[in-house]
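Data block below; observations after.
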Amino acid sequence: MAINDFCDGVRRRDFLRLGMIGGAGLTLADYLRRVEAGEVQTGKATSAIYIYLAGGPTHLDTFDLKPNAPKEYRGEFNPIATNAPGVEISEHLPKLAKCADKFAILRGVSHTLAAHDLGTKYMITGNRPLPSLDFPGVGAVVSKELSGLRDIPPFVAIPNTPQVAGFLGVEYTPFSTTSTPRPGQPFSVRGISIGRGLTIAEIEKRQNLLKGLDTTFRGFEKNSDLINGLDRFSQRAYDIISSPRSREAFDISRESPGITSLFGENTLSQSCLLATRLVEAGTRFVTLTYGGWDTHDQNFTKLKTKNLPELDDALAGLFTALDRKGLLEKTAVIVAGEFGRTPKINDRAGRDHYPRAMFTVMGGGGIKGGQVIGASDDKGTGPASGDGISPDNVIASLYHTLGIDFSKEYRTPTGRPVAIARYGNVVKELFS
Amino acid sequence: MIHRFATIGVALFLAASAVPGSAAELIRPIQERFAPEDVEEVPDFQRHVLPLMGRLGCNGRACHGSFQGRGGFRLSLFGYDFKMDHEALLKNDTKRVVRDNPDLSKILQKPTLAIPHKGGKRMDEESWQFRVLLRWIEGGAKSVDNPVAFEKLEVIPTEIQFQKPGETVQLQVIAHWADGTREDVTCITRYRTNDESIAEINETGLVTSKGMGDSHVVAFYDNGVAVTQVIMPVSDLVGAKYPNVATPTEIDRHIVTKLKKLGIVPSPVCSDAEFLRRVSLDMTGSLPTPAEVEAFLKDSSTTKREAKVDELLARPTYAAFWTSKLCDLSGASPKNLNVGMGGITNEMTRHFYEWIFKRVNSNMPYDELIAGMVLATSRKPGESYEDYIKAQTAYYRQKDPADFSDRETMPYFWTRRNLRTPDEKALGFSYTFLGVRLECAQCHKHPFDQWTQDDFKQFTAFFAPVTYGTAPDAREAVKKIRDEIGDPKKLGGQYQRILNTRVKEGKDVPWQELFINNNRRPGQGRPNQIKQAQGSRVITPKLLGGEEVVLSGTDDPRKPLMDWMRRKDNPYFAKAFINRVWAVYFGRGIINPPDDMNLANPPSNAALLDMLAEQFIDHGFDMKWLHRTIVLSDAYQRSWQTNDTNKLDERNFSHAIVRRLPAEALVDAVAQSTAGSADLDKAHGNVADRAIGATGSLAGARKGGSNYAAKVFGRSERETNCDCSASNEPNLLQSLYLQNDQETLAAIERRAGWLDERVVSAKSKRATLDSDEKAVALLTVQASALEKKIGALSDADKEKQLDKLQSQLKKTHEELATRRKRVEEAKGNVPAAFDADQVIVEAYERTLSRRPSSAETELARDYFRQAGDDAKGMRDLLWALLNTKEFITNH
């Protein structure tokens, strides 16, 4: 009663309680009604992989070709058919063309932020950046919303990520490997791999010494959230270090030849291989960052000699491996960068920043593959109709695959109620 | 005094004969006045109708206050946009208000559920609320005409002392208007409790005691916010029963006065070892060294704590730690300073830091230091653009760069990339210097404070002329240099590189500059930009909670702002700083969170904060005075161990609160605990390689330390206007880092580190000494044998052998002398044989700044014994100590 009667009943104490069902006046009863009406589906995916193409990948030379556009737009590459009827992609992605039934291509994704950091923040949070708010990355939200196993990190970045925990707080900071795995070699990961000649027996011994010495605050946990938290995280860290699960997941040399051979030898491929192993072991969210897309000059040379062949190897490997391991239905995959690139080719054979039209690839986790959703206009200068697909909707759809109600509200440390994806809606075609 | 210009339907007010009383008398609550069915009074839109709608919840953010509206009907969020709300209510064809047939008005039919309403039933038909809305419509549904200032909101009582749960007190809320009228608005005020476990308050203003402790209940009416403190003692140790607690300082007197009311008995003062560690970490972000611990524990002087505090305040680590804090607040990051000179943003960040460091180190008064940032311009008074760019390049050229910290002002606060627009400047400014969060008021009335959107716009007007770019008188010079370099458009990314190279070579580049562009001043020039959303009204700059300012007399609008901040009656400037300093020492502010000074979030001890602010200003904003005064109080020196009365207290400073070390301090503490003795001796003098030093603020790898660790432990990215960007919450990655990261493990075993020095290199030194000593013994025997042999030679043999033997003897003596000398020299330097007990004591002093207990010593000894290897034993002991909660926290 009392203040709770107000629909704006915002109280300071509530600020600490993150994660109440909320959003546009949505009560729990409303939410359950929506669930019953089939408007909210429980997600199929239990994990997600986000491949972030840093720098802003061109849409026109990858997944949204315009062979009929004037020469100064169309570029050098030709489209090729894929195993999905009517879906065409760049000739430099031949392996992906053979598994196009496993993913959907979103075209005419569109926003207005042409600076790297702003566009990036938009695409990794699903919220248009605000100077006054530090939105959490998708992975931070996922690791908060989905519970996970004790002995593996819930949110891993290979080798690192622009995603931050933002206003959710450092508890949801990504675990960054800071390096990338090499083919066939055990992968040393900071904090998890055991190095310097230590043995598990020695680790257990020193842990016992710690237990014996760490007694000053014994009994004080109940009076101090900090002491309690330190104990909890310390125990979990020990679980991760001492159990084989994480170590083995990170060790790509343990993968079967049948799976390993699906991938190329380049860094991105090997990182994708690692991502499949982590997801298999129970990590909730893996994000990979793969740069080199800021092709202001030499766009075509760079793409055909490096970026596209590597991307082709890695993504085809990823989708196929997930499928073979029976993980594709449980794992949502998204591939995106901060923006597309100018349709008109500049005089350095490059393309510049262009957020009006871009692409996103999504697959797995119940997403219907083998289709193109949305479209850009004749020259790829903007969505073919309307405002196109917003980053908000792309990310909301990703949450949807994971069964996360993105209209749920958090409270920032300053007490402001903020929905997970503030203006997001599900792109329904992904699931039809 | 808060002056607020609002418009009041004075005419209607006076015409309504049912309104009782004159201006001096208290007007009865509208609830009583509108109880009779035949009420004739016409209520006022601002005074009655909108507050009532707020009270009914209509303009809440989940209802019609939502920016999308509800059912096509949108009100201003939390009210206060009278024009918009009136228009929304009277909009044609909506039938929200039907003047010729009031009964059909939707604002009467919907909330009574006469017709369906998604927001549910909000009031009864024929209730007083219903009549207020009805009479307003019948009276013509007028908006507001003549402005009358809302003066203040008064709530009675201002303090409630409960004895047990379930007791109740009814609040009375009175609105004071500038025309002298006072009205009881209890029934149309909104209420909130700051802690429902201590007191609840219902919608009529009835306060119910729930549990022990203290908090506030808050009343909101118009833009007034008033609070009542609610206290229920946690024990029966109140009044005469309260024990005698010493209050040696004024801080203690204020704190104990409050504790007495609460029946909370503070913890005793902590031990010397605890004090030394705590104050070293809080004041200098650094651990004490083992030698310092020993000396302090042995010192029998009664004033040793005072002496230690003075010693700490004189260290560069004090200046470094607090500079680092000020950099957090003012946004000194390479990312923020990347304004088209990518190659030198790290250097600019370093300069930002060093400029502040110099002033903190010399203890420049806080207001002067801040004025150097607030009033900064790139050029000195009277300086030409040409001279400015020469001076600016001189700071960044490779050869013999000029000292940036010599600059009188420091412009980089304003040139930040995230401080471009006047709005961003207003938000950043109020956050950094005033501890006030204005973000809410950017878009709507602040839900917990007095700020309206108009207040925000008027405050923002101060910043419109603050410009970073090319000043009009510099355009020609800029063009000249550009022509020399080449067309930026054609050069693309090349242009940047050329600029960077030119700067390194000491050549001119077209530097941008921070200047005051008075064409952008409110009411002048570019009218379209200034008038903003206010229709045709020109916005007059107004100080936050203060008066409007006429700028025509000044050339820089920031001057009156700075003058206002320095005033003794300024409610924010001094307090914001004091409160933040306090929060570092106590783990929470007197106002908490420390950067959220708003009327609904009052200080837990207002008298304490007022006293400190007054004295800080009287002491000429002397920062060291403030630090010394705080840490020499008993309150700061209390033990973290609690008793039954204070174990739940976190806001009245009755015991020390255990806190995780700040990221910078923690990174440095790992490095220092494991350092070799030579580095350890220098620890307090050297800030260059420290995480609290200038290098710690930069992007990229840092010598001797880790950006990764600092990030994982929550160092501020200095990107957002929130003290919470620096976090000392624990997380999984921190535990992984301390337990198993190669960086931590390598720090323990690093070359020239303590373990290396104590075991590995000690071993080899000892081995050398050992062999030298053996050689000396052997050579001594050989020499004496030779001497004997020579003495025993027969004359005949002498001829044959004497020369040979004597030369042999000489050689032996020479070798003996060399070896002896080496032994002499080595004996002073070679560590004594490995002594586990001694290592255990030092390990404790290095990490936990105390001696081990006998039980701890026993455990560690056992471990060494079992390990059977000094190096492994020592490695694991250090590892374990670095992973104790006692190491990770300040306590």
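Bear in mind that the values in this text are calculations on the coordinates, not laboratory data. For clarity, every value in this text was computed on a predicted model and none was experimentally measured. Methodologically, a virtual Cβ is constructed for each residue, glycine included, from the backbone with ideal geometry; neighbour enumeration extends over all protein chains shown.
Computed quantities for the displayed model
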| read-out | value |
| --- | --- |
| Efficiency of FRET from Cβ geometry, B:Arg99 and B:Asp145, R₀ 25 Å, rounded to 0.05 | 0.90 |
| Anisotropy class of region B:767-832 from Cα gyration tensor, a/c 1.5 cut | prolate |
| Whole-Hz couplings from phi, Karplus 6.51/-1.76/1.60, listed for region B:768-777; x for Gly and Pro | 4, 4, 4, 5, 5, 5, 4, 4, 4, 4 |
| Whole-Hz ³J(HN,Hα) from phi, Karplus 6.51 cos²θ - 1.76 cosθ + 1.60, for region B:498-512, glycine and proline x | 5, 4, 4, 5, 4, 4, 4, 7, x, 8, 5, 10, x, 4, 7 |
| Amide hydrogen neighbours beyond the local backbone of A:His353, cut-off 5 Å, H modeled | A:Thr342 |
| C-alpha center-to-center spacing [region B:135-173, region B:34-88] in angstrom | 16 Å |
| Rg(Cα)/(2.2 N^0.38 Å) for region B:4-156, N = residue count | 1.02 |
| Those GluC sites (Glu not before Pro) in region B:792-838 that DSSP places in a loop and that have at most 15 other beta carbons within 10 Å | none |
| Distance between region B:199-256 and region B:269-333 - C-alpha centres, whole angstrom | 34 Å |
| Fewest-first ranking of B:Val155, A:Val335, B:Val478, using other Cβ atoms within 10 Å as the exposure measure | B:Val478, B:Val155, A:Val335 |
| Amide proton proximity set for A:Thr287, modelled H, under 5 Å, gap of 5+ | A:Tyr50, A:Val156, A:Ala157, A:Ile158 |
| Between region A:376-430 and region A:95-123, the Cα center-to-center distance that results, in Å | 13 Å |
| Average Cα contact separation per residue, chain B, under 8 Å, 6 or more apart, as relative contact order % | 12 percent |
| Extension gain from B:Ser761 to B:Leu648, taking 0.36 nm per residue of separation minus the Cα-Cα distance | 35.6 nm |
| Semi-axis lengths, Å, region A:188-248, gyration tensor of Cα atoms, sqrt of 5 times eigenvalues | 25, 14, 8 |
| In order through region A:47-52: 3J(HN,Hα) via Karplus (6.51 cos²θ - 1.76 cosθ + 1.60), integer Hz, x for Gly, Pro | 9, 9, 10, 10, 9, 9 |
| Proximal lysines relative to B:Lys152, as straight alpha-carbon distance under 20 Å, when same-chain residues fewer than 8 apart are discounted | B:Lys445, B:Lys542 |
| Percent of beta bridges antiparallel (DSSP, the protein assembly as shown, rounded to nearest 5) | 70 percent |
| Size of electric dipole in region B:317-570: Cβ of Lys, Arg +1 and of Asp, Glu -1, about Cα centre, debye, nearest 20 | 640 debye |
